[in-house]
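These notes concern the structure reproduced below.
The values are calculated or read from the model by the stated rules, or taken from the named source; none is laboratory data. Remember, predicted model here, so these are calculated numbers, not experimental data. All Cβ positions, even for glycine, are placed from backbone atoms using ideal geometry, and neighbour counts span all protein chains on display.
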Amino acid sequence: MRSESIPVKTVVIGGGAVGLLYAARLVLSGQSASVVTRSARQAEQINRQKLTYHALDGQVASVPLAASPIQQGLPPGDLYLLTVKQNDLPGLLPFLREIPPNASILALQNGMGHQELLAEALPDRVCFYGINAEGARRLSGTEVIHTGSGSLRVGPWNEQASCDPVISTFVDWAVTVQIQASYEASIQPFAWRKLVANALINPLTAIFDVPNGALLENSYTVDLMRDLFVEAAAVANHHGQKLGEMDWQEIFTICRNTSRNLSSMLQDMKRQRRTEVEAINGYLVQKGKEAGIPTPLHESLLRVILLKTSMGEEKAGGDRS
């Protein structure tokens, strides 16, 4: 898919690993982009210090990037790239209702459930969704490292008659910076596959405190991942998404391609922040219960991550007192 080149001002919402990665790559390739952060402190630091970007080839760049805190609202733009965690999305809805009527929205959340949330909150908009497999790690509020190459699939949740020109231009840009980007007629089947991959990789890396690639180095973790895949595939198949051996092998490929990457769930755990486990494993458990399909392994991971998170929050609260 190719589109006519049109000027696009991208507003990246979220100062985490993925948000900083895309903001840096947009600016470095000559695109107009800014970032909206959760805290005024991070925005001030980015404006003052610039953003330090570590490329895959080891090169380091200092990126001038305009930043503002969400408390100031959303600046005008043509494309709003939602890179916040699922947990933070509800708080953005009042701001998203105020963006220009002709602006496009592209959501890059992990897990599932955000499509229903955006459709209900923004009924007059056609939102687009992205499945991002590019690896990134935030070293600080002003420093990000690109840890692995991967694909970027973009499209509407369900098929529609025509493609948004702004979304088309964004996909074309991604291709020019060597992202394996593609526009899909419907993103739903790819969202299910990303959900299952996240459900296998993220909680295990968070529990064992290892990068993605380490899961493939031990036969016990590989066997556990396989059993988790069988559970998840049964739920997905019930909902019309046929997952098989090729999908299992694709999860291996993701682990290899992002071998140095620390999953977002592990990074959240290290920062003693709430994770997205409820939108990932929790979603599978919920859909399994609705279908009468047991998912004991995913339910166990859900409980362990929630327990570790609550213990971390209690410890952090104790440290602050």
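Is it fair to say Asn132 is within 26 Å of Leu306 (Cβ to Cβ), in the same structural domain as Arg38 (by TED's automatic domain parsing), within 17 Å of the chain's Cα centre (by Cα) and of a type in the set (S, T, N, Q)?
yes
Can you report the number of residues in segment 219-228 which are in contact (Cβ under 8 Å) with a residue 40 or more places away in the chain and surrounded by fewer than 23 Cβ atoms within 10 Å (Cβ to Cβ)? Spell out the reasoning first.
Residues of segment 219-228 in contact (Cβ under 8 Å) with a residue 40 or more places away in the chain: 224, 227-228.
If we keep only those that are surrounded by fewer than 23 Cβ atoms within 10 Å (Cβ to Cβ) as well, we get 224, 227.
Result for segment 219-228: 2.
Report whether or not Arg273 is in a loop (DSSP other than H, G, I, E, B) and surrounded by fewer than 21 Cβ atoms within 10 Å (Cβ to Cβ).
yes
Tell me the residue from Leu262, Leu216, Leu243, Leu200 that is in a helix (DSSP H, G or I), surrounded by 16 or more Cβ atoms within 10 Å (Cβ to Cβ) and assigned by TED's automatic domain parsing to the domain that holds Val304, please.
After ruling out the rest, the residue left standing is Leu200.
Looking at Ala185, Ala181, which one is within 28 Å of Leu79 (Cα to Cα) and surrounded by fewer than 16 Cβ atoms within 10 Å (Cβ to Cβ)?
None of the other options fit; the residue is Ala185.
May I ask you to list the residues in segment 277-306 that are assigned to a loop (DSSP other than H, G, I, E, B) and either on the phi > 0 side of the Ramachandran plot or surrounded by fewer than 23 Cβ atoms within 10 Å (Cβ to Cβ) (or both)?
Gly292, Ile293, Pro294
Pairs please, first residue from segment 290-311 and outside the structural domain of Leu200 (by TED's automatic domain parsing), second anywhere and modelled with pLDDT under 95, Cβ atoms under 6 Å, 6+ apart in sequence or on different chains.
Close Cβ pairs (under 6 Å, with a partner that is modelled with pLDDT under 95) do not exist here.
Checking the condition buried (at least 18 other Cβ atoms within 10 Å of the Cβ) and either under 21 Å from Val177 (Cα atoms) or assigned by TED's automatic domain parsing to the domain that holds Ser263 (or both), which residue from Val36, Val60, Val84, Val12 passes?
Just one listed residue meets the conditions, Val12.
Considering segment 142-192 alone, what residues qualify as being closer than 21 Å to Glu120 by Cα and of a type in the set (Phe, Trp, Tyr)?
Trp157, Trp192
Kindly indicate the residue of segment 113-171 that is surrounded by fewer than 22 Cβ atoms within 10 Å (Cβ to Cβ), among the basic types (Lys, Arg) and assigned to a strand (DSSP E or B) and also modelled with the highest pLDDT among those meeting that condition.
Arg153
Find the residue count for segment 140-173, including only residues that are free of Cβ contacts under 8 Å to residues at least 40 places away in the same chain, closer than 19 Å to Thr253 by Cβ and either in the same structural domain as Gln267 (by TED's automatic domain parsing) or of a type outside the set (D, E, K, R) (or both).
The number of residues fulfilling the criteria is 2.
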